[in-house]
1. All but one of (1) modelled with pLDDT of 80 or more; (2) small (G, A, S); (3) not in a helix (DSSP H, G or I) hold for A38; state the number of the condition that does not hold.
2. When the residues of segment 1-34 are narrowed to those that are of a type in the set (S, T, Y) and within 26 Å of the chain's Cα centre (by Cα), which ends up surrounded by the most Cβ atoms within 10 Å (Cβ to Cβ)?
3. Can you tell me which residues in segment 116-175 are of a type in the set (D, E, K, R), at pLDDT below 75 and open to solvent by less than 50 Å² (accessible area, probe 1.4 Å)?
4. Under 9 Å between Cβ atoms, which residue pairs at least 6 apart in sequence (or on different chains) link something in segment 75-91 that is at pLDDT below 85 with a partner that is open to solvent by 100 Å² or more (accessible area, probe 1.4 Å) and part of a loop (DSSP other than H, G, I, E, B)?
5. Please indicate, with yes or no, whether at least one residue in segment 97-113 is touching a helix residue (DSSP H, G or I) at 6+ places or on another chain (Cβ under 6 Å), surrounded by 14 or more Cβ atoms within 10 Å (Cβ to Cβ) and at pLDDT 85 or above.
Amino acid sequence: MDFVVKTDRQISSQFQRHLQAAKRGLSKQWDNTKTCQAFYAGDSMTYIDRLQYSTPKGEKKRALIQFNKVMPFVDAVSGFMMQNRREAKYVARVQFKPQQETYSIHANAVAAYVRSKAHSPELESEQDLDMLVCGYGAVDTDISYIVGNPTSCPNGEILIQRLDPRNTFWDPVAKRTN
């Protein structure tokens, strides 16, 4: 079986075609995301009123007053989700056997190590806020072995990053996951 190596230009062209197809298929979702983020940021759906006041010269002027009544409630729910987040605990199927108990201890230790090294709670909080505001949120987990990355771990650096909902899309021609 011969493998054909694509040039950078061919890869870029293919990516652009897939991105355009995704944007066409998800245009309503992306427009909704922009609207939801504007709603949360206070660009729309705010209480607006005009206040009349007098200047030192006696002129009558009107000032625009705006209140965003959405963000505090969304932030409160997001904070509640953060406070009540549960960390997964791994328990062996057959308890009270030395090997299974040891496995449980090690599995929980590895999970705690990964969560602390990757700063998972902070990223999950941002993802929760995206899910509350936009209806979807995503994080990407990776282990970097790239030479030149600042790494203190010889087994690779654990990288987790929040994916911006405005830059997240699905491959419309994918045949299977990932």
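The values are calculated or read from the model by the stated rules, or taken from the named source; none is laboratory data. What you see is a predicted model; the values in this text were computed from it and never measured. Here Cβ is always computed from backbone atoms with ideal geometry, including for glycine, and neighbour counts include all displayed protein chains. For accessibility, only protein heavy atoms count, side chains too; no ligands or nucleic acids. Shrake-Rupley method; radii C 1.70, N 1.55, O 1.52, S 1.80 Å.
1. (3)
2. The extreme case among them is T33.
3. Answer for segment 116-175, where residues must be of a type in the set (D, E, K, R), at pLDDT below 75 and open to solvent by less than 50 Å² (accessible area, probe 1.4 Å): just E157.
4. From residues that are at pLDDT below 85, there are no pairs.
5. Just the residues of segment 97-113 that are touching a helix residue (DSSP H, G or I) at 6+ places or on another chain (Cβ under 6 Å), to begin with: none.
For segment 97-113, residues touching a helix residue (DSSP H, G or I) at 6+ places or on another chain (Cβ under 6 Å), surrounded by 14 or more Cβ atoms within 10 Å (Cβ to Cβ) and at pLDDT 85 or above: absent.
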